[in-house]
Amino acid sequence: MRAVTIERFGATPKLTTRPVPEPGPGQMRVSVEAASVNPLDTAIASGSLAALGEYRFPLTLGMDGAGTVTATGDGVTEFAVGDRVFGQFWSRPLQFGTFAEAAVVQAAPALGALAAVPDGLPSHVAAAVPTAGMTALGAIDHMRVPDHGTLLVLGATGGVGTYAVQIAAAQGIRVIATASARLADDLRKLGAADIAARGEEPVDQVLRRLAPEGVDAVLDAVGDRSANARVAGAVRDGGAFFSTAFGLGEHLLAQERIRTANYRLDRKPERLAGIADLVTAGTVQPVIGSLLPLTQAPRALTGAITPSGLRGKTVLHLT
């Protein structure tokens, strides 16, 4: 089978040919129909998350995917051959990820989450949901923005950002989104009330005009610690500033005026079910900026693929 693999942490991902893996006890093999690219994948490839899991080499990359179960090992009761599944395929140990024609995953992933694909949801759309959608949903849940409050989303055009804009708007929250001016209309269609255009003036200055009394919360999906330090003053006392990109430094994390956190995705099965419900209901629509063949995965991991519109999710199709 074709698979995008690394031989060691820090190695350049390459498209290779590997034997089709067989599931062991508690595992199942999934014929992968689509997978999506996340910063999590590059973090794992670099070795920066080596302490969080257990890895076997050669390691097939890819956390998010959707496909059909083709074989199950002893003791698997959650799914059966023929079931369509999607989610974050983070097993322990991790060896066979989703950037391949077949993946072996724990039926109940130790560090991820799997669920049945909702009826009628295409695989390439389902694959775009898990990590980014769960992260946006979890962060907004923890920030506890008040009814009719104001949320600033930094990095609103990316995977987490496009989900966050829609989830917050659906909850009646006023969303201010950062983006280039040419993408303002696209974000308004997702539910953003106002756009802080990048490059025209600093975000903290824009906020003085758009939210002179301050915002209730900030969600950072970019990771620019210097910019975040400047923006933090716009958050009202008792508000929240969360980063999904580890963009809060020690000074912001230590202060007590507002609630702060470098948010790490929690309660994954619950989050996956929640975001799936929102997508199935049509409340949230995954934004797919690029739909690429598996052969383009190494380039996608380096960020070399630039969509013409919202960046959203980069999805790889395998069928």
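Below are the figures for this structure:
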{"item": "Segment 118-129, residues that are crowded, with 24+ Cβ neighbours inside 10 Å and either of a type in the set (Val, Ile, Thr) or more than 15 Å from residue 33 (Cα to Cα) (or both)", "result": "129"}
{"item": "Members of segment 133-146 found to be in contact with a strand residue (DSSP E or B) (Cβ under 6 Å, 6 or more places away or on another chain) and in a helix (DSSP H, G or I), listed by number", "result": "139, 143"}
{"item": "Failed criterion for residue 69 (all others in (1) in contact with a Gly (Cβ under 9 Å, 6 or more places away or on another chain); (2) closer than 20 Å to residue 245 by Cα hold)", "result": "(2)"}
{"item": "The lone exception for residue 141 - which of (1) within 20 Å of residue 272 (Cβ to Cβ); (2) touching a residue at least 60 places away in the same chain (Cβ under 8 Å); (3) among the acidic types (Asp, Glu) it fails", "result": "(2)"}
{"item": "Whichever residue in segment 193-220 is charged (D, E, K, R) and not in a helix (DSSP H, G or I) and, among such residues, is farthest from the chain's Cα centre (by Cα)", "result": "213"}
{"item": "Strands (runs of 3 or more DSSP E) contained in segment 1-100 and holding at least 3 residues more than 19 Å from residue 299 (Cβ to Cβ)", "result": "27-37, 55-60, 64-72, 84-88, 94-96"}
{"item": "Counted residues, segment 43-69 - those being of a type in the set (Ser, Thr, Tyr) and surrounded by 15 or more Cβ atoms within 10 Å (Cβ to Cβ)", "result": "3"}
{"item": "Lone unmet requirement of (1) surrounded by fewer than 21 Cβ atoms within 10 Å (Cβ to Cβ); (2) in the same structural domain as residue 65 (by TED's automatic domain parsing) for residue 104", "result": "(1)"}
{"item": "Meets criteria (closer than 19 Å to residue 90 by Cβ, surrounded by 24 or more Cβ atoms within 10 Å (Cβ to Cβ) and at pLDDT 95 or above) for residue 155", "result": "no"}
{"item": "Test result for residue 219, in contact (Cβ under 8 Å) with a residue 12 or more places away in the chain, out of contact with any strand residue (DSSP E or B) (no Cβ under 7 Å at 6 or more places or on another chain) and surrounded by 22 or more Cβ atoms within 10 Å (Cβ to Cβ)", "result": "no"}
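Every residue, every condition in (1) among the charged types (D, E, K, R); (2) modelled with pLDDT of 95 or more; (3) more than 18 Å from the chain's Cα centre (by Cα), yes or no:
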site: 5; (1), (2), (3): no, yes, yes
site: 10; (1), (2), (3): no, yes, yes
site: 23; (1), (2), (3): no, yes, yes
site: 29; (1), (2), (3): yes, yes, yes
site: 47; (1), (2), (3): no, yes, yes
site: 51; (1), (2), (3): no, no, yes
site: 59; (1), (2), (3): no, yes, yes
site: 69; (1), (2), (3): no, yes, yes
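Conditions tested, residue by residue: (1) of a type in the set (Asp, Glu); (2) touching a helix residue (DSSP H, G or I) at 6+ places or on another chain (Cβ under 7 Å); (3) farther than 22 Å from residue 280 by Cα.
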residue: 90; (1), (2), (3): no, no, yes
residue: 98; (1), (2), (3): no, no, yes
residue: 109; (1), (2), (3): no, no, yes
residue: 122; (1), (2), (3): no, no, no
residue: 129; (1), (2), (3): no, yes, no
residue: 147; (1), (2), (3): yes, no, yes
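The values are calculated or read from the model by the stated rules, or taken from the named source; none is laboratory data. Only a predicted model underlies this, so the values are computations on that prediction, with no experimental measurement involved. Using ideal geometry, Cβ is built from the backbone for each residue, glycine included, and neighbour counts are taken over all protein chains shown.
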